[in-house]
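The values are calculated or read from the model by the stated rules, or taken from the named source; none is laboratory data. Not measured: the values here are computed from a predicted model. Cβ sites come from the backbone with ideal geometry, for glycine too, and all protein chains shown count toward neighbours.
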Amino acid sequence: MSAIDVGSAATDRTTYGTTDTWIDLANPANASGILTSVEVWATTNITGFRIGSFYNVAGVTFACRDSVYIGNVTSGSKQTFNVWVEIQTGDYIGCYFATGSLEADGAGGSGVYYYSGESIDPGDSNDYTLAAGAAISLYGIGITDFSVGGRVGFQSDPFDVPQIWESVSHNLMGIATRRGRQYEMNRMEAGTAVVQLLNTDGDYWSTNTTGAYYPNILPYKQINLRASYGGTIYDVYSGFIESYQPSFLLKPVKGAVMKITCVDMIKSLSRLKLNDATGFSSELSGTRIANVLDAAGWPTTTRNIQVGQSSLQSTGALVNINALSHIYNVVDSERGIFYSSPSGDATFKDRYDRILNESTSAATFSDTSSDSGFAELRSIYSDKFIYNDIRLTINGGTEQVATSTTSQDAYGIRTYQKADLLLTTDTEAAAQASYLRNQYEDPELRVEQITLKPSNNPATIYPQVLGFGISERITVKLSEASLNKDYHIEGIRHDWQATQPQMWRTTWDLSITDNQIYWVLEDAINGVLDSTTRLCY
């Protein structure tokens, strides 16, 4: 583990700085990683203190990379605060505060840039003025090794962009997150997290008027969990706090713990009823989902919505229509997926996404030393996913049926049925039915789930378990079964405890990649329609 340090020593200096955004040019960060502690010396009591990492864009333009809210700083001596702030090699440390003053020197330092106002939200970028030779009493230290952090937008409303983040990393005792689905035939469920925070100081009681976060210990505050390895920061989970549940911890320290349960933005959609006298017009599936998100008040800057391949029927007047149910109907009609990303973006991927964007395996996991290894593997060969009688009906249309008599003779009639789809033609419903029949008329040996422990091979596996998302294509090999297949990640679970900080554990739920080969224009092998390939629908 390497140490990071940045900024000037927090000492009693000859002058003071007032309420601007300050960036100290002394001692830029010597490595990339996480600032875990910051030292500051205030001349007079400071309120609304925030610290952040900054980088030079060009000339006198600087941007904030990451920041966290600290709050009050008592004057008269060096004060130390635990934080979790992303920083990269060459970045500078900076701060902003609402009232009070900071110890500073007007000469003898490396210089300080200042901006008249607040410019410390991640992504904020402004032109600064140089105070040549100045220095401020602000110093940070950090680590480059694996680290887990958490932050909560206690001072922000749930849908505010950006959030004013306050670090809870110094109290983080454990996390367990879950996103996605177990099988590709299921819908993506709301992502959940359980977070344990040490509460010996009582900061997480909503009734504690002297608590660090009072009076903002409220349900549905945004929460973001992140992990760092090798100088790269990964979002692990973003959502909203559902509840605060007090408990007690015996190890590694004896004391009070606050268990926080969390859920992502899908819950907000499940509580929304759509009421609109006009309703939605006929439009592509991606546009429809964007319009539902507009009705929910979801920020446009936190979305990743693909256009979609299917046009949908107009709805007419909407009266008490559940927003999430409508989105699920859109997803079923398109054969796409909808979920909340680790950074909290509302994400919609259409049915071509995996064919076009996930066509190559990102990594191989096997029981041999030449590949990334898995800690556990669960496979199954069963009749669970045999469907040979597919029946799909669009709203107001005629049922479209695709069958396989060969499969029915071998396994009996096994029906998959969906009604009230939003597609505009029976022809498209028939194409989807044929696709599903081709996918599921025969059984296959499946790897349903693999579990990875990156401590077994940190340099390789940490970036994989933290960086691979839903739909990522991977290869799984099992020598004893002569198994060598590609899979998509459908569900992701992470578990971590502070008692064993290096024992991160990730479990992926998997689905077999599309076993059909599609027609490619002018391709020598995949360009022979109805011989080697099929048309996509």
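The table for this structure:
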| quantity | calculated |
| --- | --- |
| Meets criteria (on the phi < 0 side of the Ramachandran plot and surrounded by 16 or more Cβ atoms within 10 Å (Cβ to Cβ)) for T460 | no |
| Residues of segment 214-240 classified as crowded, with 17+ Cβ neighbours inside 10 Å and without any contact (Cβ under 8 Å) to a residue 60 or more places away in the chain, total | 0 |
| Residues of segment 100-110 classified as more than 27 Å from T144 (Cβ to Cβ) and part of a loop (DSSP other than H, G, I, E, B), total | 3 |
| Test result for N82, touching a His at 6+ places or on another chain (Cβ under 7 Å) and in the same structural domain as G117 (by TED's automatic domain parsing) | yes |
| Qualifying helices (runs of 4 or more DSSP H) (wholly inside segment 309-420; at least 2 residues being loosely packed, with under 15 Cβ neighbours inside 10 Å and not β-branched (V, I, T)) | 353-357, 405-411 |
| Residue match in segment 395-410 (condition: free of Cβ contacts under 8 Å to residues at least 24 places away in the same chain and either in the same structural domain as S455 (by TED's automatic domain parsing) or among the charged types (D, E, K, R) (or both)) | yes |
| Filter result for Y229 (more than 19 Å from the chain's Cα centre (by Cα), aromatic (F, W, Y) and not assigned by TED's automatic domain parsing to the domain that holds F338) | no |
| Unique residue being in contact (Cβ under 8 Å) with a residue 60 or more places away in the chain, surrounded by fewer than 21 Cβ atoms within 10 Å (Cβ to Cβ) and more than 18 Å from G239 (Cβ to Cβ) when the list is G117, G140 | G117 |
| Unmet requirement for T347, which otherwise passes all of (1) closer than 23 Å to V263 by Cα; (2) touching a Cys at 6+ places or on another chain (Cβ under 9 Å) | (2) |
| Residue that is nearest to L293 (Cα to Cα) [pool: residues in segment 144-178 that are of a type in the set (V, I, T) and under 16 Å from the mean Cα position of the chain (by Cα)] | V161 |
